[in-house]
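This report refers to the structure that appears directly beneath it.
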Amino acid sequence: MTAFLLGVLSSLAASGVLLVLGFLRGSRPLWWLVAACSWCTGTGLGRVYRRQSSAERDIARELGRARWIKVLAGRGNVLTREAFSALWSGELPLESVQILLPDPRIRADSWLDRRSHDVCRFDPGFTPDLLRSQVRTNFDYLEHAARAQRNVELHSFNLPNTCRIIATDRAAYITFYSSSAHGRNSPCLYARAPGLLYSFALQQFGSAWSDSSPVPAAR
């Protein structure tokens, strides 16, 4: 794992100047420049969104072309918004959908408690139990929305969650979480398959999935 992460970091450093350009302006010519140079470095980086929320329209289009979907999130709000509406309405003929959200149960070693502590330091309106409440609400939504979907698996995990991943067989959208900002305000990377960043996303998801627990379907 350490060697793999070092490889990711070294490849990202090689395209650091292009990342800065991507942050400054989101125009398509710059996206093409980033994509061309990332091909040379092997990262697979195609676009950089200054804010995670800016990627939702493109995520919706990506899901419409997918064979399967994997989602690892720290809260799961995006799953209840327009980007995923076609999934819950049954419009997408997918082979499988795997969703991972943090375990909202109260426990001594809760990752949600640690993340809540971080958020409380920069968001004065954030109470210690608010994040857990929001995750529970999203679980309730997903349990009901997925009842008519035979290919949807919903799991919970209790591991340090350092990024949000929305991956398909074609690409992955990756947001690296900060201890000093909400995920919605963090940059989001679009990585094409194949590529180092795409492989990193699938590896992170696979590690969390193997240590997760299935959530019983709502009745």
| query | Among (1) open to solvent by 20 Å² or more (accessible area, probe 1.4 Å); (2) modelled with pLDDT under 85, which single condition is T43 missing? | reply | (1)
| Can you pull out the residues in the range 139-156 that are buried (at least 19 other Cβ atoms within 10 Å of the Cβ) and either among the aliphatic types (A, V, I, L, M) or without any contact (Cβ under 8 Å) to a residue 60 or more places away in the chain (or both)? | L142, A145, A146, V152, L154
| query | Any residue in the range 99-117 that is out of contact with any Asp or Glu (no Cβ under 8 Å at 6 or more places or on another chain), open to solvent by 20 Å² or more (accessible area, probe 1.4 Å), acidic (D, E) and without any contact (Cβ under 8 Å) to a residue 24 or more places away in the chain? | reply | yes
| said: Just to confirm my filter: which strands (runs of 3 or more DSSP E) fall fully inside the range 94-206 and include at least 3 residues that are within 20 Å of R51 (Cα to Cα) and not polar (S, T, N, Q)? | reply: 163-168, 171-176, 188-192
| farther than 15 Å from V71 by Cα, buried (at least 19 other Cβ atoms within 10 Å of the Cβ), among the small types (G, A, S) and at pLDDT 90 or above, is that true of A201? | no
| query | over 21 Å from the mean Cα position of the chain (by Cα), of a type outside the set (V, I, T), part of a loop (DSSP other than H, G, I, E, B) and under 26 Å from R150 (Cβ atoms): does that describe G90? | reply | yes
| query | In this structure, is F126 at pLDDT 85 or above and of a type outside the set (S, T, Y)? | reply | no
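The values are calculated or read from the model by the stated rules, or taken from the named source; none is laboratory data. Everything numeric here is computed off the predicted structure, so don't read it as measured data. With ideal geometry, Cβ positions are generated from the backbone for all residues, glycine too; neighbour counts draw on all protein chains shown. Please note that ligands, DNA and RNA were not included when accessible areas were found on the heavy atoms of the full protein model with its side chains. Shrake-Rupley method; radii C 1.70, N 1.55, O 1.52, S 1.80 Å.
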